[in-house]
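Bear in mind that the values in this text are calculations on the coordinates, not laboratory data. As the structure is a prediction and not an experimental result, all values here were calculated from the model. Please note: Cβ atoms are built from the backbone with ideal geometry, for glycine as well, and neighbour counts cover all protein chains shown.
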Amino acid sequence: MVACRKCIFVIVAVIAMTGLSLGYDEAAVIEAFSQAATAYANDSFLLLGMVGDQFVSGIFSQESAISTVAGVQKRIRIIRSKINLTRGMAKTERDRKWLKMLNGIYICLDQQAWAMSKYVNEKTPANAKRFDDLRNNCLEKLNLLEQYHASLGFSKELPAPLSTR
């Protein structure tokens with residue numbers, strides 16, 4: 001009887017520890033995903049701006065610009081769907097807020113990509129203004145995310161390696 005109680009205690013302890021471990025693992029995965037999604041949001045923003053600059057200067061053809069923007073927009077939508085899936089798994093308020101901010105940024109980036117496509121197809125001042133307004137809106141959202149991320153107190157980046165002069 002005592003051996004059975006010990007066995008049950010060990011089983012309950014292992015289950016409890018596994019549950020805690022899975023919770024920590026899940027939180028680490030959400031944080032890693034959020035950081036990767038944040039980095040890709042910055043990259044997408046810069047890529048859309050670069051396409052606009054290259055198209056206006058005549059370096060990118062209409063076909064190249066449309067193709068690049070369509071690829072960026074597809075990836076934006078894929079990541080946004082994963083953000084929404086991940087939001088349901090987030091257990092902390094910090095993660096929920098971070099993912100909500102990311103979702104808003106990806107909505108903005110999707111709209112910005114759409115506006116870029118409209119501009120490339122119909123080079124009108126109204127379409128250029130719409131793209132520029134969305135670009136400024138997305139930049140504001142990215143800056144707010146950067147401020148929020150800085151407030152989380154993550155460890156600082158390691159310094160760059162010293163030169164081998």
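Phi angles of segment 124-136 translate, via the Karplus equation with coefficients 6.51, -1.76, 1.60 and θ = phi - 60°, into HN-Hα couplings of 10, x, 5, 5, 5, 5, 4, 4, 5, 4, 5, 4, 5 Hz per residue; Gly and Pro are given as x. Note on Glu140 and Ala70: with the Förster distance fixed at 22 Å, the Cβ-Cβ geometry gives a FRET efficiency of about 0.30. Considering only alpha-carbon pairs that sit under 8 angstrom and 6 or more positions apart, the relative contact order computed for segment 28-151 is 30 percent. For segment 69-83, the residues whose amide N sits under 18 Å from a probe point set 7 Å from the Cα of Gln54 along the beta carbon direction are 69-76.
In terms of other Cβ atoms within 10 Å, Ser64, Ser151, Ser117 run from fewest to most in the order Ser151, Ser64, Ser117.
When the pairs Lys74/Lys97; Lys97/Lys123; Lys74/Lys123; Lys91/Lys118 are compared against a 28 Å limit on Cα-Cα distance, Lys97/Lys123; Lys91/Lys118 fall above it. Using θ = phi - 60° in the Karplus curve 6.51 cos²θ - 1.76 cosθ + 1.60, the 3J(HN,Hα) couplings for segment 45-53 round to 4, 5, 5, 4, x, 5, 4, x, 4 Hz; x is entered for Gly and Pro. Taking other Cβ atoms within 10 Å as a rough exposure proxy, Cys138, Cys108 sort from fewest to most as Cys108, Cys138.
Extension gain for Ala27 to Asp133 (0.36 nm times residue separation, less C-alpha to C-alpha distance): 34.6 nm.
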